[in-house]
Amino acid sequence: MFRFIHTADLHLDSPLKALSRRNADLAEAIGVATRAAFERIVDKAIEERVAALLISGDLYDGSTKDMRTGLYLAECLRRLGKAGVHTFIILGNHDAETVAKPPFPDVETLTVFKPKASTHRFEEHEVAIHGASFRDNSVTADMTPGYPDPVQGWVNIGMLHTSLGGFSEHADYAPTSPARLGDKGYDYWALGHVHKSQVFQEGTPERPWIVYPGIPQGRDMGETGQGRAVLGTVSDGRINIEWFDTSAVVLERVPIDLSSAESFNDIQAEAGDIARTLIDASDHGRALLRPELAVPRALVPAVRRGRDDLLDLIQTNIQARTDRVAVEKIGIVASAGDNQRAEIDKGTLAHLTDMIRTGATADSDLVKELVKDFEAILAKLPPGLRAHPGHLNPLTDLDPESADHIAGWLESMAAEAVASAAAASKGDGS
């Protein structure tokens, strides 16, 4: 019997981006999460007495020569080697051969594949491991034609970092297809690059396993849920797999219904219950959560304005109960089915709109003030958005059509403002 673990996309020592801007201290404390996830994989490899640990690209996060990361990896490799585990690494787009990174130790129990595909054989078990690394951080050609032919009569495992040509959220690196992977004649394709764990294709005697283990430790709210890795067992020429959990900190979005609230004060009063809901939603140990608050549309502007104070209030309530849960930030959405706009006197709104449409282009002082205010907002945007001409032209080159656009925007904002004020008055009892 031959056992192996398949993982990828560890991005060692990369920060939990979801938290770094909001709470630097907590981000630093949780920042070892990628190491903790890797340690769980190392511990599992030793516990299960596997023969091989396969890391299918992006072990490192990017260009860095930080020796603390390299020394940490060396210590893990020492533990694995002592337990008789051979580690196989292919380099992906983040840690390609030409990307600066800490050196790998020259030890017998480590194989870092070169860009030219090669094979490592386990003669005793009749298992062959094939792999190839990225030379540069962008590989646009299918790499599979360069992989060696399978060793006849053996179990053949291929390691490849690829988008498989079908995941729009990931760059299309080393594109290939299930058919091309099947044509290679291997029994298992240990893929990396896509951060969502999934069995793309189950193995049969006629076709190979095609598996993405996913990212072991999520780092932002695009990587939610428990990270996993694959434990594979080769017996009688067949491969069976099982999954095991790896995340040290689980990231999740938690929907919370506050549609019955009538004021922002009502929502603040729910901070304790929100905290309890978040704690109950976390059953994985440490968790970093984003509560998605569904509030009446009329309250959306007020909640957005008070978002930071509300977050502090919720986190304080959490901290009083547990130290294993943190809030990344608060998401705000309008309650489902709450599509009504505030009722505003149509005559008043029509008069306001007409004043804007007829007077804006003629009032140079008004235009200057609008431009000044709008440019201050634009200055806070990322350069790519700030430079987009469509953002500024309606004000700097104001014409009747642009004025109509602004009028529509003001109608919407006025409706929200009036509704918010009405709700606030009702909540204050006035």
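The values are calculated or read from the model by the stated rules, or taken from the named source; none is laboratory data. Quick caveat, the model's predicted, so the values are computed rather than measured. Here the Cβ positions follow ideal geometry from the backbone for every residue, glycine too, while neighbour counts run over all protein chains shown.
Annotations for the structure displayed:
- So residue 277, is it under 24 Å from the mean Cα position of the chain (by Cα), among the hydroxyl-bearing types (Ser, Thr, Tyr) and part of a helix (DSSP H, G or I): yes
- Residue among 238, 180, 228 that alone is surrounded by fewer than 23 Cβ atoms within 10 Å (Cβ to Cβ), under 19 Å from residue 122 (Cα atoms) and among the basic types (Lys, Arg): 238
- If you go through the stretch 97-151 and pick out every residue that is in contact with a helix residue (DSSP H, G or I) (Cβ under 9 Å, 6 or more places away or on another chain) and of a type in the set (Val, Ile, Thr), you end up with 3.
For (1) among the basic types (Lys, Arg); (2) surrounded by 21 or more Cβ atoms within 10 Å (Cβ to Cβ); (3) closer than 22 Å to residue 223 by Cα, each residue gets a yes or a no:
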position: 246; (1), (2), (3): no, yes, yes
position: 256; (1), (2), (3): no, no, yes
position: 260; (1), (2), (3): no, no, no
position: 293; (1), (2), (3): no, yes, yes
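- If you go through the stretch 45-62 and keep only what is closer than 28 Å to residue 173 by Cβ and either touching a Lys or Arg at 6+ places or on another chain (Cβ under 7 Å) or modelled with pLDDT of 90 or more (or both), you end up with 45, 50, 52, 53, 54, 55, 56, 57, 58, 59, 60, 61.
- Out of 271, 248, 287, sole residue that is of a type in the set (A, V, I, L, M) and without any contact (Cβ under 8 Å) to a residue 40 or more places away in the chain: 287
- Beta carbons closer than 7 Å, at least 6 apart along the sequence or on distinct chains, pair a first residue in the stretch 36-55 that is in contact (Cβ under 8 Å) with a residue 40 or more places away in the chain with a second that is assigned to a helix (DSSP H, G or I) for 38/76; 45/80; 53/45; 53/80.
- Index of the failed condition, residue 104 passing every other in (1) surrounded by fewer than 18 Cβ atoms within 10 Å (Cβ to Cβ); (2) assigned to a strand (DSSP E or B); (3) aromatic (Phe, Trp, Tyr): (2)
- Scanning the stretch 218-248 for residues that are under 16 Å from residue 6 (Cβ atoms) and outside any strand (DSSP E or B), we see that the one that is nearest to the chain's Cα centre (by Cα) is 227.
- Qualifying position, being surrounded by fewer than 13 Cβ atoms within 10 Å (Cβ to Cβ), polar (S, T, N, Q), farther than 23 Å from residue 217 by Cα and in contact with a Pro (Cβ under 9 Å, 6 or more places away or on another chain), among 204, 140, 119: 140
- For the stretch 57-105, filtering for residues that are closer than 16 Å to residue 135 by Cβ and touching a residue at least 60 places away in the same chain (Cβ under 8 Å) leaves 7.
- Some residue of the stretch 58-74 being within 16 Å of residue 111 (Cα to Cα) and of a type in the set (Val, Ile, Thr): no
- Matching residues in the stretch 294-331 - criterion: being more than 23 Å from the chain's Cα centre (by Cα) and in a strand (DSSP E or B): 295
- Odd one out for residue 109 among (1) among the hydroxyl-bearing types (Ser, Thr, Tyr); (2) modelled with pLDDT under 95; (3) touching a Ser or Thr at 6+ places or on another chain (Cβ under 7 Å): (2)
- Taken as a whole, the condition of being surrounded by fewer than 19 Cβ atoms within 10 Å (Cβ to Cβ), within 30 Å of residue 44 (Cα to Cα) and modelled with pLDDT under 95 does not apply to residue 308.
- Single unsatisfied condition, residue 195 versus (1) in a loop (DSSP other than H, G, I, E, B); (2) buried (at least 18 other Cβ atoms within 10 Å of the Cβ); (3) over 26 Å from the mean Cα position of the chain (by Cα): (3)
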